[in-house]
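K.L.:
Sharing a structure, written as structure tokens. Questions coming.
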Amino acid sequence: GRRGAFDFIPKPFEIGHITDTIQKAARHKARLREDYNPKPRYNVVLFDRHRDFYIAANNALKDRYNLFCCSSLKLTKDIMVKEKVDVLVFDYKEVHMEIDDFIDEVTRGNPQVRLAATTSSARELWAIQQRGRIPYILPKTSTVEEIQNLVAAAAERRKLELPQPTKAV
């Protein structure tokens, strides 16, 4: 063990024990690799009261992102002021009457935040598209995979738009 052995296999050996040891070693190596090369975890705020969408989005995002789940508009705004948020997923129906003010307010402190709106009707979809200020749109019937893909695309887009540090010469 002091010289780097991961485990030992006693003789006479069993195939099941060998398989288990190899799987444990692979998991151990993967954990070590993650410790040395951690992936960036983006901050995502989810403001949506629709139960099924909320559960699907929470399950899709909680392991890959720092996820803030909000059920009130005030809490969402407070988080946007206090945290560096990369992606905001919000229910269009909750803010449609004051959408422009809402966007101005949440982007004031987080100008590079990527906005994604959830919709439950074709009329909402049309209204969002007419505004042109929300590049990402999710139907309430989105699958877990669709939610993951959209948030990943928005987070990556956010990363590309961040100013890159300059190297001293």
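Coordinate-derived values only; no laboratory data. Everything numeric in this text was worked out from a predicted model, so none of it was measured. Neighbour counts run over all protein chains shown; Cβ positions are idealised from the backbone, glycine included.
K.L.:
Relative to the Cα centre, what is the charge dipole magnitude of the chain, using +1 at the beta carbon of each Lys and Arg, -1 at the beta carbon of each Asp and Glu, and rounding to the nearest 20 debye?
P.N.:
Values: 29 positive and 23 negative charges, 165 e Å.
Roughly 800 debye, rounded to the nearest 20.
K.L.:
Between residue 51 and residue 156, what FRET efficiency comes out of the Förster formula 1/(1 + (r/R0)^6) with R0 = 45 Å and r the beta carbon distance, rounded to 0.05?
P.N.:
Details: r = 29 Å, r/R0 = 0.64.
Efficiency for this residue pair is about 0.95.
K.L.:
A further question on this structure: Find how much the distance from residue 14 to residue 145 grows on full extension, using 0.36 nm per residue of separation minus their present alpha carbon separation; answer in nm with one decimal. Provide the component values of the computation, followed by the final result.
P.N.:
Working: separation 131, 0.36 × 131 = 47.16 nm, distance 3.96 nm.
Extending this stretch completely gives an extra 43.2 nm.
K.L.:
Something else now. Among the listed pairs 93/140; 24/62; 74/140, give every one whose C-alpha distance is greater than 20 Å. List each step's numbers first, then the result.
P.N.:
Values: 93/140 11 Å; 24/62 25 Å; 74/140 22 Å.
The pairs that break the limit, which is 20 Å between Cα atoms, are 24/62; 74/140.
K.L.:
Can you compute the radius of gyration and Dmax for the chain, using only the Cα atoms, both in Å?
P.N.:
Gyration radius and largest Cα-Cα distance of the chain: 21.9, 74 Å.
K.L.:
So between residue 22 and residue 78, what do we pick up on full extension, going 0.36 nm a residue minus the alpha carbon distance?
P.N.:
Values: separation 56, 0.36 × 56 = 20.16 nm, distance 4.80 nm.
Gain on extension, residue 22 to residue 78, equals 15.4 nm.
K.L.:
According to the Cα gyration tensor, what semi-axes, each the square root of 5 times an eigenvalue, does the equivalent ellipsoid of segment 50-101 have, listed from largest to smallest in whole Å?
P.N.:
Working: eigenvalues 73, 47, 15 Å².
Result for segment 50-101: semi-axes of 19, 15, 9 Å.
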